[in-house]
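The values are calculated or read from the model by the stated rules, or taken from the named source; none is laboratory data. Note that the structure is predicted; figures quoted are calculated from it, not measured. Backbone-built Cβ (ideal geometry, glycine too); neighbour counts: all protein chains shown.
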Amino acid sequence: MRRLQTADDLTDLLELYVKAERLAPASRPWVLGNMVGGLDGTAAVAGRVGALSTPADARLFRELRTVPDVVLVGAETVRRERYGPVRLDAALEASRLEAGRPVAPPIAVLSGSLDIDWSIPLFADTDAGPRPLIITCASAPEARREEARAVAEVVLAGDDSVDLGSALHQLRERGAEVVLCEGGPTLLGGLAGAGLLDELCLTLTPLMGGDPLPLALTPPGAETSRFTLEHAVVDEDGTLFLRYERDRAR
Ligand SMILES: NC(=O)c1ccc[n+]([C@@H]2O[C@H](COP(=O)([O-])OP(=O)(O)OC[C@H]3O[C@@H](n4cnc5c(N)ncnc54)[C@H](OP(=O)(O)O)[C@@H]3O)[C@@H](O)[C@H]2O)c1
């Protein structure tokens, strides 16, 4: 038995996440997921994540974005949350620049249908930020692929659906060593079910009664994988901050 860890303050807590060692496997990037859920495991309230998040979790969401080379998101989350490009505050940008990295990571949207509104801020609000990526498959309508090419780098992985292993391999070939998956549950479950999730940062908010949408939707018959708890820190408001890494020994 172990007691929960304490952090002196929020900065101390965030350091536990940002400073963790993440070594990419040979053929793909290290994949970390970041999710917030209710006590009943719900991933959304009225179709959005906002009601589940707390000020400390929102800060974690922003600061974790300094870590990856690419932020990966499922198309449904992009549609529901009307995603925009990653914008870090000046101090976080400076820490990336100091480390010789681009000022912010690009967002990669994973979609089979490419049924995406190209006028959302992610594609419309591109001044100075990195060009977004669209990861799709051969069955995506050619006309939509053409539209996608006008606003993003298009990566093809798989035939009828996106082959997540191939997608990650191609991100690695483009130089990505760490990928942050911001959900949603379908994408996170796909990654976990394929054994491609290395780490999960999970915030548990003491609230019940959101949508019937679990934090991860793994495909039927997918293999299970075990994780090791790296830290558990509780905030004054009862929010629990958990970081897990996949157990390599199994
Ligand atoms: N609690 C949290 O931390 C958190 C985080 C993120 C999102 N959310 C919430 O989760 C909800 C959305 O999650 P979701 O599970 O419905 O959707 P999602 O995982 O965001 O996106 C699912 C979509 O991604 C594409 N996709 C995923 N895997 C694919 C594959 N292997 N091949 C081809 N396409 C693939 C498909 O796009 P197409 O339909 O375009 O083909 C699919 O419909 C929203 O309510 C959002 O607010 C919560």
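Where residues in the range 95-130 are among the aliphatic types (A, V, I, L, M), surrounded by 11 or more Cβ atoms within 10 Å (Cβ to Cβ) and more than 16 Å from the ligand (Cβ to nearest atom), which of them is farthest from V73 (Cα to Cα)?
Across the range 95-130, the extreme among qualifying residues is L97.
Consider V36 carefully, then state whether it is in contact with a helix residue (DSSP H, G or I) (Cβ under 7 Å, 6 or more places away or on another chain) and over 16 Å from L242 (Cβ atoms).
no
Within 15 Å of the ligand (Cβ to nearest atom), surrounded by fewer than 18 Cβ atoms within 10 Å (Cβ to Cβ), under 25 Å from G210 (Cα atoms) and among the basic types (K, R): is that true of R145 in this structure?
No.
Which one of these does T224 not meet: (1) among the polar types (S, T, N, Q); (2) more than 14 Å from G38 (Cβ to Cβ); (3) within 15 Å of the ligand (Cβ to nearest atom)?
T224 satisfies every listed condition except (3).
Can you name the residue in the range 63-94 that is among the hydrophobic types (A, V, I, L, M, F, W, C) and surrounded by fewer than 20 Cβ atoms within 10 Å (Cβ to Cβ) and, of all such residues, is nearest to the ligand (Cβ to nearest atom)?
Among them, the one singled out is L64.
Can you list residue pairs whose Cβ atoms sit under 7 Å apart, with the first residue in the range 191-212 being under 14 Å from C181 (Cα atoms) and in contact (Cβ under 8 Å) with a residue 24 or more places away in the chain and the second being among the acidic types (D, E) and not in a loop (DSSP other than H, G, I, E, B)? Count only pairs 6 or more apart in sequence or on different chains.
D198/E245; E199/E245
What are the pairs with Cβ atoms under 8 angstrom where one residue, in the range 106-118, is on the phi > 0 side of the Ramachandran plot and the other, located anywhere, is assigned to a strand (DSSP E or B) and at pLDDT 95 or above? Sequence gap at least six, or different chains.
Correct list of pairs: L114/I134; L114/T136.
In the range 4-62, how many residues are hydrophobic (A, V, I, L, M, F, W, C), more than 9 Å from the ligand (Cβ to nearest atom) and closer than 29 Å to E177 by Cα?
Selection size over the range 4-62: 16.
Would it be correct to say that G195 is away from the ligand (no atom under 12 Å from the Cβ), at pLDDT below 95 and surrounded by fewer than 22 Cβ atoms within 10 Å (Cβ to Cβ)?
No: the conditions fail for G195.
Say we look at the range 149-161 and pick out the residues that are farther than 16 Å from I116 by Cα and aliphatic (A, V, I, L, M); which of these is farthest from the ligand (Cβ to nearest atom)?
Per the criteria, the residue is L156.
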